[in-house]
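Q: Sending over a structure as C-alpha cells; questions will come in a sec.
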Amino acid sequence: MTQTTPLWEVFIRPRNGLSHKHVGSIHAADEVMAVQAARDVYTRRGEGTSIWVVRSADIVASDPDQAGENFEPTADKIYRHPTFYEIPEEVGHM
Amino acid sequence: MYSQGLIGADGSTTETQEFLDAFQKRIDAEEKIEPTDAMPEGYRRTLVRQIGQHAHSEIVGMLPEGNWITRAPSLRRKAALLAKVQDEGGHGLYLYSAAETLGVSREQMTEELHSGKAKYSSIFNYPTLTWADIGIIGWLVDGAAIMNQIPLCRCSFGPYARAMIRVCKEESFHQRQGYEIVMTLAQGTPEQKAMAQDALNRWWWPSIMMFGPHDADSQHSDQSMAWKIKRFSNDELRQKFIDATVPQAEYLGLTIPDPDLKWNEEKQGYDHGRIDWDEFWRVVKGHGPMARDRIKDRKAAWDNGAWVREAALAHAEKRRTRKMAAE
Ligand SMILES: [Fe+2]
Ligand SMILES: [Fe+2]
C-alpha cells in the first residue's frame, strides 16, 4: 500500500487576544492525529494556547496569476489613507 | 547539513534571458519568492535538493545522539538530550514541509535518502564513542550548524527562510547544553578531561569540513549566491566558526588538534592547517565509518513503521465512512 498521509496546514494562537497564525504544515492520517502532531512539532516551547488544523486540500486560494488584477489596483487609491487629506496644524491631532 | 546541502544540486536552467533577468531583479530587490511565484527551474531544483538534504541531515542527526539517551549520566542530562533530539526531529519536519511547497513529496524525498541519491551531512557518518562526544557534538556540530543557518534565515525562498527562523531559535540551547557537558568534563578528574580532549580530537576536523569544500572548489556556489539561496561562502563561514570556537576551547583548557592553527594579526582571524578533502569526499559518498548503519537504521524505522501508517489511514477511512453513513 503506497497511500500517502494527507497534508494539513497548522495555525496557532500565540496567546489569547491574538488571532491564529499559519506556522507550517504536518502529515497525519486524520484530524485527531493532525492536532496531536501539530502540538508536538510546533508548540514545544510555549508557542501557543490553541491549534487549528485544516486539510491543505480544502484551502481555496486566490490565483497567483491574477495577483496583479487582484491586488495592484489598491496602489493608486491613495485617497483611502488618512495622510491623503490635509488638515491644518492648528486643528490639532485628528 | 547546511553548506553541504548544495552537493549534487543542478542549477542549470533553460528559461529566456528576459525571464531570468526579471527574476534576478526581484531577488536583488530582496523580495521573497513564494511557492506559487514564477521561478527558474534551476532555482526550484536547487532548493528541492538543498532543503531536502538539510531535512535529511536533521533526521539522520538524531541517530548518533539517540545512541546515548539511555546512558546519559544524570536525569538532567537525559532530559536535555531527549529534548534536543526531539528538536532535531522537528527541524527535519519543518524542512520537509518547506520542500514540499515546491512540489516534491515527503515519500519521494525519503526514497531518495534511502537509495543514496540524496545526501546528508558527512558529520553524521562518524560514531559517538563516549559521553564526551555528546558534549562535543552540541558545542561544535550544532555550533557549526548555527553559523550556517543564521544567514539562511534571509534566504530568498520564503518557506525555507521561515523554517530557518524557527530552527535558529531552538539551536542555541543545543550548543549551550553541549558546551556545558564539555565544561563539566574539562573541569572534572584527569580522566574526564582526557575524555573531553579525545572527543575534541576526533570531531574537530569533521566539524570544520561541515562548511563544505573551499570556495575555489565549490561548483554550485556562484549561482546560489546570486539567487540568494546562500549568503556567505563556505570559507567565510568556516573562518567565522573557527574564530568563535578557539577562545571557547582555550577557556576549557582543551587543545584544538591543529598544530598549524595560529592567530593572523593582519586578517584578524585564525589560520588553520590543511583539511583532508579526500576523507571529506569519501565520507560524503557514504564510506564513513557509520554510513551503512545510518541508512540501515533509517530504512528499518521506515519499514517497521509501515504498519502504523497503514493502520492510521485505515482507521481514518473507517471513521470517515461511519460518519458519512450517520449523516
Ligand atoms: Fe537542528
Ligand atoms: Fe541542533
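Q: Taking chain B as a Gaussian network, where each spring joins two C-alpha atoms under 10 Å apart, which residue of B:102, B:113, B:47 fluctuates the most?
A: With Cα springs under 10 Å in chain B, the top fluctuation among B:102, B:113, B:47 is at B:102.
Q: Give a quick list of GluC sites (Glu not before Pro) in region B:193-284 that DSSP marks as loop, anything other than H, G, I, E or B, with at most 11 other Cβ atoms within 10 Å.
A: B:265, B:266
Q: Say we join alpha carbon atoms closer than 10 Å with springs in a Gaussian network model of chain B; which of B:268, B:223, B:86 then has the biggest fluctuation?
A: Maximum fluctuation in the GNM of chain B, among the listed residues, is at B:268.
Q: Then there's this: So who's got an amide H within less than 5 Å of the one on residue B:157, skipping anything under 5 residues away but keeping other chains? H placed 1.01 Å off N, in plane.
A: B:33
Q: How many partner chain Cβ atoms sit within 10 Å of a residue's Cβ in peptide B:81-88, on average, as a whole number?
A: So the per-residue partner count for this stretch is 1.
Q: So if we plug the beta-carbon distance of residue B:300 and residue A:74 into 1/(1 + (r/R0)^6) with R0 = 45 Å, what FRET efficiency do we get, rounded to 0.05?
A: Taking R0 as 45 Å, the efficiency between residue B:300 and residue A:74 is 0.25.
Q: To continue, here is another question. Among B:283, B:14, B:226, flag the residue with its Cα farthest along the positive direction of the charge dipole of the protein assembly as shown, charges on Cβ as +1 for Lys/Arg and -1 for Asp/Glu.
A: So the residue furthest toward the plus end is B:283.
Q: State whether region B:2-288 is rounded, prolate or oblate according to the following rule on the C-alpha gyration tensor (a ≥ b ≥ c being the square roots of its eigenvalues): a/c under 1.5 gives rounded; otherwise a/b larger than b/c gives prolate, and the remaining case gives oblate.
A: Prolate shape, in that a/c is at least 1.5 and a/b is the bigger ratio.
Q: Between B:275, B:208, B:123, where does the largest GNM mean-square fluctuation fall for chain B, given springs only between Cα atoms within less than 10 Å?
A: Evaluated over chain B, the most mobile residue of the options is B:275.
Q: Would you compute, from DSSP H runs of 4+ residues alone, the mean residue ellipticity of chain A at 222 nm, taking -39500 (n - 2.57) per run and dividing by the full residue count, rounded to the nearest 500?
A: Theoretical 222 nm ellipticity from helices: -5000 deg cm²/dmol.
Q: Going by how many other beta carbons lie within 10 Å of each one, how would you line up B:277, A:52, fewest first?
A: B:277, A:52
Q: For residue B:327 and residue B:105 in one chain, what is 0.36 nm times their gap in residues minus the Cα-Cα distance, to one decimal in nm?
A: Stretched fully, the residue B:327-residue B:105 segment lengthens by 76.6 nm.
Q: Per the helix-only calculation at 222 nm, which mean residue ellipticity applies to chain B, given -39500 (n - 2.57) for every DSSP H run of n ≥ 4 and division by its residues, nearest 500 deg cm²/dmol?
A: Helix contribution divided over all residues of chain B: -20500 deg cm²/dmol.
Q: In addition: Can you give the FRET efficiency to the nearest 0.05 for residue B:201 and residue A:54, using r as the Cβ-Cβ distance and R₀ = 60 Å?
A: For residue B:201 and residue A:54, the calculated efficiency is 0.70.
Q: Further, regarding this structure: Would you work out the charge dipole size for region B:2-288 about its Cα centre, treating the Cβ of every Lys and Arg as +1 and the Cβ of every Asp and Glu as -1, and quote it to the nearest 20 debye?
A: Result for region B:2-288 is approximately 820 debye, rounded to the nearest 20.
Q: Further, regarding this structure: Please give the charge dipole size of region B:1-121, origin at the Cα centre, charges +1 on K and R Cβ atoms and -1 on D and E Cβ atoms. Round to the nearest 20 debye.
A: So the magnitude is around 920 debye.
Computed from the coordinates by the stated procedures, all read-outs in this text should not be read as laboratory data. These numbers were taken from a predicted model, which means no experiment stands behind them. No Cβ is skipped: glycine too gets one built from the backbone with ideal geometry, and neighbour counts run over all protein chains shown.
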